[in-house]
Structures are given as structure tokens and as C-alpha cells.
Amino acid sequence: MDSSVSFSDFDFTNARRVKRVEKFLNTIGLDFPSSIENFVIAKDGNELIACGGLDGKVFKGIAVAPRRRGEGLILSIMTRLINIAYSKGIKDLFIFSTPNNIELFEGCGFKLIENCDNEIMLMENNDNLANYKNILTKERRDGNVIGSIVMNANPFTLGHQYLVEQAAKKSDWLHLFVVKEDLSEFKFKDRFELIKKGVSHISNVTVHEGSDYIISNATFPTYFIKDKGRINELHAKLDLMVFRNHLAPALGITHRFVGTEPYCVVTNNYNKNMKKILEDPDGKSNPIEVVEIQRVEKEGRAISASRVRELLRVKKFDELEKIVPATTMKFLKNM
Amino acid sequence: MNKIKKRAYAGTLESSDAFIEIEPIEEDEIRIELQSSVEEMYGDDIRDLIAKVIKEMDISYISVRVQDKGALDYVIKARLQAAILRANDDKKIKWDKL
């Protein structure tokens with residue numbers, strides 16, 4: 001490596017330098033990833049030649065100028081990023097990228113979790129997935145129909161409750177995963193508690209904290225995806241393949257239940273992808289049957305969490321009472 | 001002491017260096033995971049070296065992960081020693097023992 005190369009790091013408050021990174025990424029065909037907290041850059045003289053960023057536990061925007069590739073700049077950038085993450089106490093790290101970079105990141109100690117049809121991949125820096133699968137395996141239950149539901153429940157409504165009740169009826173045991181991110185209006189801790197309280201009358205359900213392996217569309221990075229029209233599809237693909245190939249086998253899941261989606265096109269497409277990916281007979285792991293459950297309606301419209309948030313904003317508690325369980329109502333009143 | 005207190009690391013991913021991460025484990029076991037750019041030629045030697053350094057430092061419960069980019073023996077040894085000392089917050093280092 002040329003001795004005139006210098007490295008430095010800074011955080012998102014340094015607007016001038018952040019702007020330079022943005023420009024650099026754009027020149028090599030990448031978007032600027034939103035919400036990076038820490039940046040590392042390499043400069044040759046005054047010219048930016050490589051960069052990388054950390055957003056929570058995800059490395060983003062790692063790039064080297066095309067004519068400076070093969071010098072090992074990426075290794076220095078990655079070392080610095082890992083140091084920053086560790087010094088912040090973040091030890092589980094993830095990279096979402098295109099699969100042509102797998103080997104590159106393997107050389108930095110990252111391991112492949114899933115490569116979806118050579119279109120998108122996810123890697124992590126340690127054996128966390130294996131550990132998590134071991135934990136899940138302990139929660140395994142016997143039965144012919146082992147159902148599963150993944151929900152955000154922002155917040156938990158009578159619609160969610162109905163879905164869980166119906167799924168539990170059709171299953172010998174039901175595993176319910178709560179998406180773990182704090183970007184929704186209701187914090188994870190609260191969403192989780194409201195779900196637990198709202199399903200406490202059902203005897204054959206386990207409520208699991210979601211993990212880094214249930215990929216929320218709120219945290220899914222999209223800056224490296226060239227065809228923006230395919231963002232939702234690629235997110236669904238990665239999330240569902242990780243679910244099918246890793247989480248489901250650990251628990252012996254045979255079915256996945258989902259509410260029909262009358263309003264939101266994104267969710268509706270996600271459900272369509274779900275059928276395609278989970279039921280595909282040629283996958284690496286057993287297919288999972290997808291069961292759509294008709295959404296429950298109240299006064300001619302399906303109950304949705306977005307409606308709850310709307311009513312909450314205008315404080316229409318009498319309306320709210322009709323579409324959330326008493327447990328959620330109590331929480332909303334005390335907010 | 002035979003156990004380490006916490007997770008620690010030392011080194012870099014750069015050429016001729018090694019990035020070493022260590023972690024305490026419950027079992028009485030020395031777990032070594034090596035990825036090396038010179039695995040074919042020196043993989044076993046590097047694993048032997050790591051086991052030897054760990055033994056010399058009296059540790060018997062440890063997980064070690066090494067990303068080696070062709071580091072020389074004494075570099076690997078120094079990186080591992082540094083990680084172990086960091087893991088135990090050792091202020092009084094017995095240099096003659098290292």
C-alpha cells in the first residue's frame with residue numbers, strides 16, 4: 001500500500017466530510033445509505049479512495065475506488081470499522097450486500113448466512129446464528145402442524161388477536177415472532193408486552209423475541225440495490241429464505257400464518273412472495289405451507305394498526321376501544 | 001488463572017498481521033478457529049503456536065478466533081498475548097514470563 005494513504009474516522013455530525021463520502025459513493029454507482037453513525041475513510045493526498053460506515057450493528061457503504069482495488073484498502077477500512085463497533089460495545093455485526101462480495105468479506109472474518117439466488121446476501125461476523133438456533137431448538141414442540149406467525153404489531157389490535165387465535169386453532173403448537181426493531185412508533189419492549197398480554201388466554205403459543213434474523217423492512221439496507229423497483233422483493237426474499245432455511249428447521253415449523261392484506265400493496269406483495277419462497281418444493285430445506293387468514297372487519301373495514309395510530313393521534317378513545325383488546329387499550333390510555 | 005474474564009481482541013486484518021478475538025467459554029476447552037491466507041502451508045503450525053501460547057499463559061477455558069493474513073510467528077504470539085492481557089485487565093504484566 002502506498003505510504004501516502006491516510007485513514008480517518010468521524011461521525012455523522014461532521015456534515016462536510018459526510019457530504020464528501022456521499023459524493024464518492026455516488027461516483028461509483030452506490031446510493032448514500034441513510035442513518036450511518038460512524039464513518040471511516042481512506043485518502044490519498046486529498047483524494048477520497050475508500051470508505052465504510054457503521055449503522056447500529058450493520059456495516060454499510062463499504063467501497064473502494066475502482067482503480068485502487070486489490071491493494072488491501074478494504075482490510076484497513078474493515079479493521080477500523082470493527083474497532084469502532086467493538087469499542088461501542090457492539091459485537092454482533094452484519095453486512096447486507098450483493099453476493100459477488102462474499103469472498104471479500106470472508107477474508108475479513110465474516111460468514112455467510114444466506115445467499116439468495118446470487119442477488120442478495122447476508123453475512124455476520126461470528127457464530128451467533130448457530131447459537132440462536134440452539135436456543136430455538138430448546139423451544140421445539142411436538143406435533144404435526146407447527147405453526148408460525150411473524151408480526152410487528154404496532155400496536156397489537158383485535159385483528160392481530162384474531163389471527164393468533166385462528167392460527168393457534170389450526171396448529172398443534174404456534175410460534176409467534178415479534179419483529180425486533182425500535183423504529184416503529186411503539187417500542188419493541190411495548191409491542192412485545194402487548195402481544196404477550198393479548199395472547200395470554202391461548203395455551204399453545206410461544207411468543208419469541210424476534211432476532212437479527214427476522215429482517216425488518218425498516219432496517220433492511222437498500223443503497224446497493226440498483227433496480228429500486230425490486231427493493232421490496234429482495235427484502236422479502238432474504239428475510240423469508242433466512243426464516244425457511246434457519247429458523248423454521250430449528251423449531252420444526254411446518255406452517256406460516258398471515259393475515260390477508262386488503263390495503264397495503266407492499267404487504268400484499270410480501271405475502272405473495274411468501275407463498276412462492278416458503279412453499280417452493282426445490283429449496284434447501286422443507287417447504288412451509290403458507291395459510292392466509294381472512295382479516296377481521298369492524299364496521300365494514302379491516303382492523304389495522306395504522307388505523308389505531310390514526311385514532312390515537314386524534315384521541316378517539318371510544319373508537320379505539322372497538323378495535324384493540326382491553327390489554328392494549330389500558331396501555332394506550334396511560335401513554 | 002485458567003479462565004479469561006471477558007471478550008477481547010487485538011491486531012488488524014491487514015497483510016502480514018493477524019486479527020485475534022478471544023472469548024470466555026463455559027466448557028473446559030481450548031477452541032481455536034483459524035482462517036489463514038497461508039493455511040495450506042502453515043495452518044497446523046499456527047494452531048500449534050496458538051495452543052502453546054495459551055498454555056504458557058495458564059488458560060484452559062477459551063475460544064480463539066484468528067484471521068491471519070500471513071503474519072510471522074512472533075506477530076501472532078504478540079497479538080494473542082495482547083488479547084489475553086486485555087481480557088483480564090492485567091495492569092501488572094510480568095514481562096519476563098511472556
Restricting attention to region B:51-59, does a residue exist that is away from chain A (no Cβ under 14 Å), part of a strand (DSSP E or B) and over 21 Å from A:Asn126 (Cα atoms)? yes
In region A:33-55, which residue that is of a type in the set (Gly, Ala, Ser) and crowded, with 18+ Cβ neighbours inside 10 Å is nearest to A:Ser8 (Cα to Cα)? A:Ala42
Being loosely packed, with under 14 Cβ neighbours inside 10 Å and touching a residue at least 24 places away in the same chain (Cβ under 8 Å) narrows it down to one residue among A:Asp117, A:Asp190, A:Asp172; which is it? A:Asp117
Helices (runs of 4 or more DSSP H) wholly inside region A:174-277 that include at least 3 residues being within 30 Å of A:Ala326 (Cβ to Cβ): A:188-198
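Of the residues that make up region B:64-84, is at least one more than 21 Å from A:Phe110 (Cα to Cα), part of a strand (DSSP E or B) and more than 14 Å from chain A (Cβ to nearest Cβ)?
no
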Which listed residue is more than 11 Å from chain A (Cβ to nearest Cβ), buried (at least 20 other Cβ atoms within 10 Å of the Cβ) and not acidic (Asp, Glu), from B:Ile93, B:Ile20, B:Ile46: B:Ile46
The residue that is farthest from the chain's Cα centre (by Cα), considering only those in region A:97-111 that are more than 20 Å from B:Gln67 (Cα to Cα) and not in a loop (DSSP other than H, G, I, E, B), is A:Asn100
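Against the condition surrounded by 12 or more Cβ atoms within 10 Å (Cβ to Cβ), modelled with pLDDT under 90 and out of contact with any Asp or Glu (no Cβ under 6 Å at 6 or more places or on another chain), how does A:Gly300 come out, does it pass?
Numbers: surrounded by 12 or more Cβ atoms within 10 Å (Cβ to Cβ): no; modelled with pLDDT under 90: yes; out of contact with any Asp or Glu (no Cβ under 6 Å at 6 or more places or on another chain): yes.
Spelling it out, it is not the case that A:Gly300 is surrounded by 12 or more Cβ atoms within 10 Å (Cβ to Cβ), modelled with pLDDT under 90 and out of contact with any Asp or Glu (no Cβ under 6 Å at 6 or more places or on another chain).
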A:Phe94 meets each of (1) within 22 Å of the chain's Cα centre (by Cα); (2) surrounded by fewer than 21 Cβ atoms within 10 Å (Cβ to Cβ) with one exception, condition (2)
So, in region A:112-124, how many residues would count as being modelled with pLDDT of 95 or more and either within 14 Å of chain B (Cβ to nearest Cβ) or part of a loop (DSSP other than H, G, I, E, B) (or both)? 3
Please specify each residue of region A:288-321 satisfying the condition of being touching a helix residue (DSSP H, G or I) at 6+ places or on another chain (Cβ under 8 Å) and in contact (Cβ under 8 Å) with a residue 40 or more places away in the chain. A:Ile288, A:Val291, A:Ile293, A:Arg295, A:Val296, A:Lys298, A:Ala302, A:Ile303, A:Ser304, A:Ala305, A:Val308
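The values are calculated or read from the model by the stated rules, or taken from the named source; none is laboratory data. This one's a predicted model, so the numbers in the text were calculated from it and none came from an experiment. No Cβ is skipped: glycine too gets one built from the backbone with ideal geometry, and neighbour counts run over all protein chains shown.
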